Amino acid sequence: VQLQASGGGLVQPGGFLRISCAASGSILSFNAMGWYRQAPGKQREFVGVITKGGTTNYADSVKGRFTLSRDNAVNALYLQMNSLKPEDTAVYSCYAQVRSEFYWGQGTQVTVSS
């Protein structure tokens, strides 16, 4: 399983951004997909996860602002980020769980600054 994250960039506070995670093959068998993020000098932090059945779970810090979705037709995971704050600045990494195995993609930088 190979994962490729993309879509990061610079956005102003209050703005929005959608980042993507493309899988090398079908994601139909993935038990779950999600995102973590890591800000400079901080530990990696869980952002959100979406299961095969479409159930989502988010960190309290992003609940109500971020939305996960997955498109099985194009083997992709999306994270729609609205009302962005400077504290959302981080490298965002996607992952996939296939049975008991976890696979990671490289990160994409999201910077929220005026």
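Could you list, in sequence order, all residues of the range 67-88 that are surrounded by fewer than 19 Cβ atoms within 10 Å (Cβ to Cβ) and in a loop (DSSP other than H, G, I, E, B)?
Of everything in the range 67-88, those that are surrounded by fewer than 19 Cβ atoms within 10 Å (Cβ to Cβ) and in a loop (DSSP other than H, G, I, E, B) turn out to be ASN72, ALA73, VAL74, ASN75, ASN82, SER83, LYS85.
Every residue in the range 89-106 that is among the hydroxyl-bearing types (Ser, Thr, Tyr), surrounded by fewer than 19 Cβ atoms within 10 Å (Cβ to Cβ) and in a strand (DSSP E or B), please.
Listed by number, the list holds a single entry, TYR103.
For the range 73-100, give me each residue that is without any contact (Cβ under 8 Å) to a residue 60 or more places away in the chain and either farther than 21 Å from ASP60 by Cα or touching a helix residue (DSSP H, G or I) at 6+ places or on another chain (Cβ under 6 Å) (or both).
Correct list: ALA73, VAL74, ASN75, ALA76, SER100.
Which condition number in (1) under 11 Å from the mean Cα position of the chain (by Cα); (2) farther than 15 Å from VAL110 by Cβ is the one that PHE66 fails?
(2)
Can you find, within the range 40-51, the residue that is most open to solvent (accessible area, probe 1.4 Å) among those that are within 22 Å of LYS85 (Cα to Cα) and aliphatic (A, V, I, L, M)?
Among residues in the range 40-51 that are within 22 Å of LYS85 (Cα to Cα) and aliphatic (A, V, I, L, M), the one most open to solvent (accessible area, probe 1.4 Å) is VAL49.
If I ask for residues that are open to solvent by less than 40 Å² (accessible area, probe 1.4 Å) and assigned to a loop (DSSP other than H, G, I, E, B), which ones from the range 8-39 would you list?
Passing the criteria: GLY8, GLY15, GLY25, ILE27, PHE30, ALA39.
Does any residue of the range 52-66 turn out to be open to solvent by 40 Å² or more (accessible area, probe 1.4 Å), modelled with pLDDT under 95 and in a strand (DSSP E or B)?
The answer is no; no qualifying residue exists.
From (1) touching a strand residue (DSSP E or B) at 6+ places or on another chain (Cβ under 7 Å); (2) free of Cβ contacts under 8 Å to residues at least 24 places away in the same chain; (3) not hydroxyl-bearing (Ser, Thr, Tyr), pick out the condition that doesn't hold for ALA5.
The failed condition is (2).
Here are some conditions: (1) assigned to a loop (DSSP other than H, G, I, E, B); (2) open to solvent by 60 Å² or more (accessible area, probe 1.4 Å); (3) among the polar types (S, T, N, Q). GLN109 meets all but one. Which one does it not meet?
Condition not satisfied by GLN109: (1).
The values are calculated or read from the model by the stated rules, or taken from the named source; none is laboratory data. These figures come from a predicted structure and were not determined experimentally. Here the Cβ is made from the backbone with ideal geometry for all residues, glycine too, and neighbour counts use every protein chain on show. Protein only, heavy atoms only, side chains kept; ligands, DNA and RNA dropped before computing areas. Shrake-Rupley method; radii C 1.70, N 1.55, O 1.52, S 1.80 Å.
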